[in-house]
């Protein structure tokens, strides 16, 4: 029984990876940007969820030091789980860079969590090539488990000022999706409610 369950999980991961374009490290050493035609065809899902407190974690920063999520309570945080070999992740990163630049002075933090399996040299080269200005953390299985053991990447979580996850996005998402949600969080609760 256990053997069959492992096969089913692996098959599910392969199917999802094919749908999302994250089928393995087929692009190592490549910094090719996907074409606009590929961007339009990229599958995407948005899953709005019941707000739940984001699991705290402490991870190593690519540039040194550590990052503890709870130290940033009071800010809006966009956590993006990604990897250098994942094509939809590569498509998403320019949008995240623009979001970072747009909101960095408005108490909004974009954070990338690399799932490249503890290879900081590959991640560092990628960050330099793409000129990623926001913090990049080196992810681990424990942190992925805290956020639901998602089967494919990219996956992002939007966390509000109270530390609650208010949205989960899977696959490539244009920055306008995030902008709408961030702007609503920055505006605060509707005064007519309650």
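So for 150, 157, fewest C-beta neighbours within 10 Å to most, what's the order?
Details: 150 15, 157 22.
The most exposed by this proxy come first: 150, 157.
Taking 22 Å as R0, compute the FRET efficiency from the Cβ-Cβ separation of residue 187 and residue 71 and round it to 0.05.
0.35
Give me the number: length gained by fully extending residue 119 to residue 141, i.e. 0.36 nm times residue separation minus the C-alpha to C-alpha distance, one decimal in nm. Provide the component values of the computation, followed by the final result.
Values: separation 22, 0.36 × 22 = 7.92 nm, distance 1.41 nm.
Here the answer is 6.5 nm.
How far apart, in nm, are two points set 7 Å out from the Cα along the Cα-to-Cβ line at residue 128 and at residue 150?
2.9
Tell me, Kirkwood radius of the range 63-194 from alpha-carbon pair distances, in Å?
15.2
If the viscosity is 0.890 mPa s and the temperature 25 °C, what translational diffusion coefficient in µm²/s does Stokes-Einstein give for the range 103-173 when Rh comes from Kirkwood over Cα pairs? Each step should come with its number before you reach the end.
Numbers: Rh = 13.7 Å.
For the chosen part, D equals 180 µm²/s.
Taken together, the values in this text are just the output of simple stated rules run on the coordinates, not laboratory data. Note that the structure is a prediction, hence the values are computed from the model and not measured. Quick reminder, even Gly has a Cβ in these numbers, built from the backbone with ideal geometry, and neighbours come from all protein chains shown.
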